[in-house]
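What follows is one structure encoded as structure tokens, with my remarks underneath.
The values are calculated or read from the model by the stated rules, or taken from the named source; none is laboratory data. Predicted model, so just to flag it, every value in this text is computed and none were measured. A quick note on method: Cβ atoms are made from the backbone with ideal geometry, for glycine too, and the neighbour counts reach across all protein chains shown. Each accessible area value is taken on the protein alone, full model and side chains, heavy atoms only, with ligands, DNA and RNA left out. Shrake-Rupley method; radii C 1.70, N 1.55, O 1.52, S 1.80 Å.
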Amino acid sequence: MAAGGVSITFVDNATLLYDINVEVNNNTLTTDGEPTVTFTANTIGLDYTAAGVNITLGSGVNYTIDIVAAAGGVSIALVDGAHVGDVTVLVTAGGITFVMTDDVVLLGNSTFDLESTVGGITIVADLPTGPGGSIECSTGLGGVDITAVGWVEITASHYETADYGTTSQSLTILAQTTTGGIDAIVT
């Protein structure tokens, strides 16, 4: 999307594939026509100029998330038994809010790559039992504040669980912003 916010959340509903609510300004609707959600080759897609998008996903499907937004914030809540692999969020101008509870099912060695050119990033992640975890943050202009209860400090902006390199499954969280701060709480 060129402009607008994206919000993704999960519900504990094994039969729900997706529910997408797209809110569009009347002028944009007149100019660009109705937004179209596609589902092809197991990929849910929405390519539109400007909209507010609220996405609800179920707990019975494995998801890989890839969001590109030019201007607007992105909010992702991996809750209620979400099944996820890799997550990639790229925002040019706008913040990112990312929440994960410990009831999430991670698929393989997952990487969550959160990147904002101009905008802050907030992360609250509770690692499920089993996988090792790593979080590494960087910012060009702005501060990094990581609270990592029970994790080992590698540097002031990089923490890992003690078993990160030895577990059969891992989660790597990478967060970077050119201009903006990063606040992260991981447990």
Rounded to 5, percent antiparallel among DSSP beta bridges of region 20-104 | 40
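Listed highest first by mean packing, meaning other Cβ atoms within 10 Å per residue, what order do 101-110, 171-180, 128-137 come in? Please list the in-between numbers first.
Values: 101-110: 16.4, 171-180: 20.4, 128-137: 18.7.
The densest-packed peptide leads the list: 171-180, 128-137, 101-110.
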Round to a whole number: what % of the accessible area of region 8-139 belongs to carbon and sulfur, probe 1.4 Å?
-> 49
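For Glu115, what is the net charge nearby, where nearby means another residue's Cβ is under 13 Å from its Cβ and Lys, Arg count +1, Asp, Glu -1? All intermediate terms of the calculation are to be shown ahead of the outcome.
On the way: positive: none; negative: Asp66, Asp113, Glu136.
With Lys, Arg at +1 and Asp, Glu at -1, the neighbours total -3.
Per residue, how many Å² of accessible area does the chain show with a 1.4 Å probe? Mind dumping the intermediate values first?
On the way: 8860 Å² over 187 residues.
Roughly 47 Å² per residue, with all protein chains present.
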Asn26 neighbourhood, Cβ < 14 Å, K/R = +1, D/E = -1, net charge -3
